[in-house]
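Please find one structure pasted underneath; my questions will follow.
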Amino acid sequence: MNTARMRAAFAFALAASLCLPASVMASSTQGLDEVKQMILQMKQQYEERIKALEERVRVAEEKAESAEDTATRTETRVAEVEIEAPDSAPTSANSFNPAISFVLQGGAVSYDLDPDDFHFEGMPLGGEAGLHDEGLSLWEVEMTASANVDNLFYGQATLGIHKHDGEYEIDIEEAFLDTLSLPGGLGLRFGRFFSDIGYLNTHHTHAWDFADAPLVYQAFLGKQYRDDGVRATWVAPTEELLVEVGAEVFRGDTYPGGGNSGDFGDVKHGFIHIGGDVGDNSSWQLGISHMDVDVKERASSGHSHGHGDAEGPTFAGDSDLAAIDFVWKTDFPSGKKLILQGEFFVRDEDGQVIFSEDDDQALFNYDGKHEGWYLQGIFQFNQRWRAGIRYDRLDADNKLAMVDADLDGDAAALDEDEVFEESGFESSDHNPDRWTLMFDWTPSEFSRVRMQYARDNSREQSDDQFMIQYIMSLGAHGSHQY
Amino acid sequence: MKQFMRLLILSGILIPFSFANAQLKVFACVPEWAELTKILGGKHVKVYSATHARQDPHKVQARPSLIARLRSADLAVCTGAELEASWMSMVQRRARNRKVMPGRPGYFEATDYVRLLEKPKRLDRADGDIHAEGNPHIQLDPRRIKVVAAALAKRLKSIDPKNSNAYQQRWNSFDKRWRDSMARWKKKAKPLQGKKVVVYHREWIYLLDWLSIKRIGSLEPNPGVPPTPSHLAKLRTLQKPDMIIVSPLNNKKPAIWLRDKKGGRLVTLPQTVGAVAGTKDYFKLFDTIISRLLKAGN
């Protein structure tokens, strides 16, 4: 373009320099005018030529540009073919294997008081309730396998290997099936599973924020309530607010149930979950539960790690449990997180207790009103570090009345005061409570190490409890519930 | 009679309106697919995004509102390749909506349609939070977005056949506009070819691959693991990077440290639509990314 213009200018200058001397030499004005006109004509011609040249250059440039575009587009198209997924992925028989994961938990624990003597006055322990073994130990190995059975069912089984009285035992913690395709927001779960009472009960221990269960779980749920049963849930067709209504029926073999009679379910439970978001960063959930337990025969204190003799007191009667749980979670834009969580339980038990000592038995009426709650807050400083605080409290008010101090009928009646005290059903003025501090480190999604200190006033004397806990997950990346 | 007529006219106006308003409810796992669905669906879809641009999609909770949203969704659009593994399957099982279960037409995974990069040669958690199927952060590659968009348009047509023509038209116009934009972006980004960058998380690989930029290191020692002092010390032995790329979600301190030690320009790029101001739509997202890179790269 520049060269074209220069060339034109040069030609014009040459022509002008040739013509100018001639015009100077011309004597007549007419001749001068002619020359002038000639020059003008020439100028016009050159200008036209320059314009034409410029136009050609412009067209050429445009062509080049569009060629470049085409090239980019072709390149893009080639790339597109390259980036498309291959049609068939190779499959093999073991790609249908269920997702399998192991969770290992263990740690080191130190207590001031004897952990085997752990108890609450008026609320005898049952189920798996109790403290971790003192000293260094492996607490639990959990193995979970899960997969869709077919297009209708999802199945999950968790085998737990726990330490119990110094020995490891294998236990089917959970084994259940969920329906996947029922219409109208309905769902069924059947098999063995954790009841949806309260908030923490459905969470496996490795997902808890403290190394041990809240006192109210120890007292009312035997640490965690699970049983064989059926659950039906319905999720309302709302759009923003979750409303989930559910009902469960359990066999009633494990604490707080006991001694299934062969009927269809001795434990009936109804619950509702409501939850939603507040703003962009906060979410909450509220749960309300009512569980009605028909207890045929429930042994207690028989499981408090070595203390109970096999012939502990047995309770038969009604046990009603109501619970309200609330969780609030905020994810701050800075990456920090806050979790506030609380659960409040009320229990009403009414029935009879048989107390045995050596060969003698006594029968007494028992009417218990119990309350228990905890409140906890967890603060996550950054991706790895968290700290938490928890306060627990229990309250029992029992009325006991001797029916027959000589149930076995050998004329050797047991002493009433002694029976009430030793059965563990006698409540006292002492209300158990506990403060717990927690600090944990989560180097990756799959590992966590926790330090915990608790001042536990479950018994008359305070117990200082120190724990170091590790939680390690191997294998499949499970999905976590809220 | 007059009132009856009025009612009749009113219902005549309202009924077609309510039918026209029967939009397809779409649950998008991440903002980029929400945006893409809006582009392709227009007024025929009502889109909800489960995460916003300031959340890490790896770490979302299966929170109650997500269960409620999925409960009434007609279509769920997710990334797949395990990006949403820690929460989506739980939400799907709890929401009790069979339309959006895996394998059903109502569940769409973008990574089903494109080839993934960085498929790990060995699967070992010692290498961090790696994904067996490959790097799932495909949202910053216009070539792959186009392939995903084509598949998504097809899916919209198949689950909402009465608006099939509208989806086809929207796809056609998107396709044309996107091709033009791609050519424009590529041309504009030519000076970036061969530049060397250090990234924070390995979420930029598709963008870098598209623009022929070389990644010479990352601040995270392993994907999902925050920078450690020993790893940063290793980065000091690198050649000088032209740029250090972070997203608005990342901690800038390690990046600033590296810049001070090794030089290069620190550039914050939006990792998805809406992550920085002025990137609400997918076209503007790439305009912003390229202009920020050009500004930092010169």
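The values are calculated or read from the model by the stated rules, or taken from the named source; none is laboratory data. In this text, all values refer to a predicted model and were calculated from it rather than measured experimentally. Neighbour counts are summed over all protein chains in view; Cβ atoms, including those assigned to glycine, are modelled from backbone coordinates with ideal geometry. What goes into the accessible areas is simple: the full protein's heavy atoms, side chains included, and nothing from ligands, DNA or RNA. Shrake-Rupley method; radii C 1.70, N 1.55, O 1.52, S 1.80 Å.
Each label point is 7 Å from the Cα along the Cα-to-Cβ direction; what then is the distance between the points at B:Lys196 and A:Lys268, in nm?
Result: 7.5 nm between the two label points.
Within 10 Å of each candidate Cβ there may be at most 14 other Cβ atoms; applying that plus a DSSP loop requirement, which trypsin sites (Lys or Arg not before Pro) in segment A:328-371 survive? Working shown, then result.
Values: sites: A:Lys329, A:Lys336, A:Lys337, A:Arg347, A:Lys369; in loops: A:Lys336.
Counting only loop positions with at most 14 other Cβ atoms within 10 Å, the trypsin sites (Lys or Arg not before Pro) in segment A:328-371 are A:Lys336.
Under 10 Å, Cα contacts only: if you run a Gaussian network model on chain B, which one of B:Thr228, B:Thr288, B:Thr279 comes out with the highest mean-square fluctuation?
Result for chain B, Cα springs under 10 Å: B:Thr228 fluctuates most.
Figure the gain on full extension for B:Ala22 and B:Arg125 (residue separation times 0.36 nm, minus the Cα-Cα span) and round it to one decimal in nm. Write out the running numbers ahead of the final one.
Numbers: separation 103, 0.36 × 103 = 37.08 nm, distance 4.59 nm.
Residue separation times 0.36 nm, minus the Cα-Cα distance, leaves 32.5 nm.
Charges only on Cβ, +1 for Lys and Arg, -1 for Asp and Glu: so what's the dipole of segment A:420-478 about the Cα centre, in debye to the nearest 20? Write out the running numbers ahead of the final one.
Details: 5 positive and 11 negative charges, 113 e Å.
For this selection, approximately 540 debye.
Okay, next question. So which trypsin sites (Lys or Arg not before Pro) in segment B:88-155 pass both tests, a DSSP loop state and at most 14 other Cβ atoms within 10 Å of the Cβ? Provide the component values of the computation, followed by the final result.
On the way: sites: B:Arg93, B:Arg94, B:Arg96, B:Arg98, B:Lys99, B:Arg115, B:Lys121, B:Arg122, B:Arg125, B:Arg143, B:Arg144, B:Lys146, B:Lys154, B:Arg155; in loops: B:Arg96, B:Arg115, B:Lys121, B:Arg122.
Those that pass, being in a loop and sparsely packed, are B:Lys121, B:Arg122.
Can you give me the % of accessible surface on the protein assembly as shown that is carbon or sulfur? Probe 1.4 Å, all protein chains present, nothing else counted. Before the final figure, lay out the partial values.
On the way: 20880 of 37240 Å².
Here it works out to 56 percent.
Shifting gears a bit: Given points 7 Å out from each Cα along the Cα-Cβ axis, report the A:Asp408 to B:Ser230 separation in nanometres with one decimal.
6.5
By average Cβ neighbour count within 10 Å, what is the ranking of B:210-217, A:168-175 from highest down? Walk me through the numbers on the way to the answer.
On the way: B:210-217: 17.9, A:168-175: 14.2.
Ranking, from highest mean packing down: B:210-217, A:168-175.
Full extension from A:His480 to A:Met42: what is 0.36 nm times the residue separation minus their Cα-Cα distance, to one decimal in nm?
Values: separation 438, 0.36 × 438 = 157.68 nm, distance 8.76 nm.
So the chain would gain 148.9 nm between A:His480 and A:Met42.
Along the positive direction of the dipole of segment A:73-475 (beta-carbon charges: Lys, Arg +1; Asp, Glu -1; about the Cα centre), which of A:Val216, A:Gly106, A:Thr254 reaches farthest?
So the residue we want is A:Gly106.
Which listed residue (A:His206, A:Phe193, B:Ala62) has the Cα farthest towards the positive end of the charge dipole for the protein assembly as shown, taking +1 on Lys and Arg C-beta and -1 on Asp and Glu C-beta about the Cα centre?
It is B:Ala62.
Can you pull out the trypsin sites (Lys or Arg not before Pro) in segment B:226-265 whose DSSP state is coil and whose Cβ has at most 10 other Cβ atoms within 10 Å? Don't jump to the answer; show the numbers that get you there.
On the way: sites: B:Lys234, B:Arg236, B:Lys252, B:Arg259, B:Lys261, B:Lys262, B:Arg265; in loops: B:Arg236, B:Lys252.
For trypsin sites (Lys or Arg not before Pro) across segment B:226-265 that sit outside H, G, I, E and B with at most 10 neighbouring Cβ atoms in 10 Å, the list reads B:Arg236.
Right, here's the next one. With +1 on each Lys and Arg Cβ and -1 on each Asp and Glu Cβ, and nothing else charged, work out how big the dipole of the protein assembly as shown is about its Cα centre, in Debye to the nearest 20.
Details: 92 positive and 113 negative charges, 2286 e Å.
Dipole size: approximately 10980 debye.
Still on this structure: Counting only heavy atoms of the protein chains, get the accessible area per residue of segment B:91-163 (1.4 Å probe) and round it to a whole Å² value. Mind showing how you got there, number by number?
Details: 3110 Å² over 73 residues.
Normalised by residue count, the accessible surface of segment B:91-163 is 43 Å².
Still on this structure, please answer the following. Return the FRET efficiency for the residue pair B:Asn172, B:Arg115: r is the Cβ-Cβ distance, R0 is 25 Å, and the value is rounded to the nearest 0.05.
Numbers: r = 25 Å, r/R0 = 1.00.
Approximately 0.50, to the nearest 0.05.
Please give the solvent-accessible surface of A:Val59 in Å², to the nearest 10, using a probe radius of 1.4 Å with every protein chain present.
60
To continue, here is another question. Okay, helix-only estimate at 222 nm for the protein assembly as shown: each DSSP H run of n ≥ 4 adds -39500 (n - 2.57), divide by all residues, round to 500 deg cm²/dmol; what do you get?
Details: 14 runs with 222 residues, N = 780.
Only helices count here, giving -9500 deg cm²/dmol.
Chains B and A: buried accessible surface, both sides, probe 1.4 Å, rounded to 100 Å²? Numbers along the way, then the final one.
Numbers: alone 15440 and 26550 Å², together 37240 Å².
The buried area between B and A, both sides summed, comes to about 4800 Å².
Here is a further query. In nanometres, what is the gap between the two model label sites at B:Arg179 and A:Gln30, each 7 Å from Cα along Cα-to-Cβ?
Here the modelled spin labels are 7.0 nm apart.
Next up: Note every residue of segment B:106-144 with a reduction of at least 40 square angstrom in accessible area, all protein chains present versus the isolated chain, computed with a 1.4 Å probe, or write none.
Residues shielded by partner chains are B:Arg115, B:Arg125, B:Asp129, B:Arg143.
Let me know the charge dipole size of segment B:209-294 about its Cα centre in debye, to the nearest 20, where only the beta-carbon of Lys, Arg (+1) and Asp, Glu (-1) is charged.
I would put it at about 380 debye.
Which Cα, out of A:Ala387, A:Gln341, A:Gln352, lies furthest along the positive dipole direction of segment A:317-419 (beta carbon charges, K/R +1, D/E -1)?
With unit charges placed on the Cβ atoms, the residue in question is A:Ala387.
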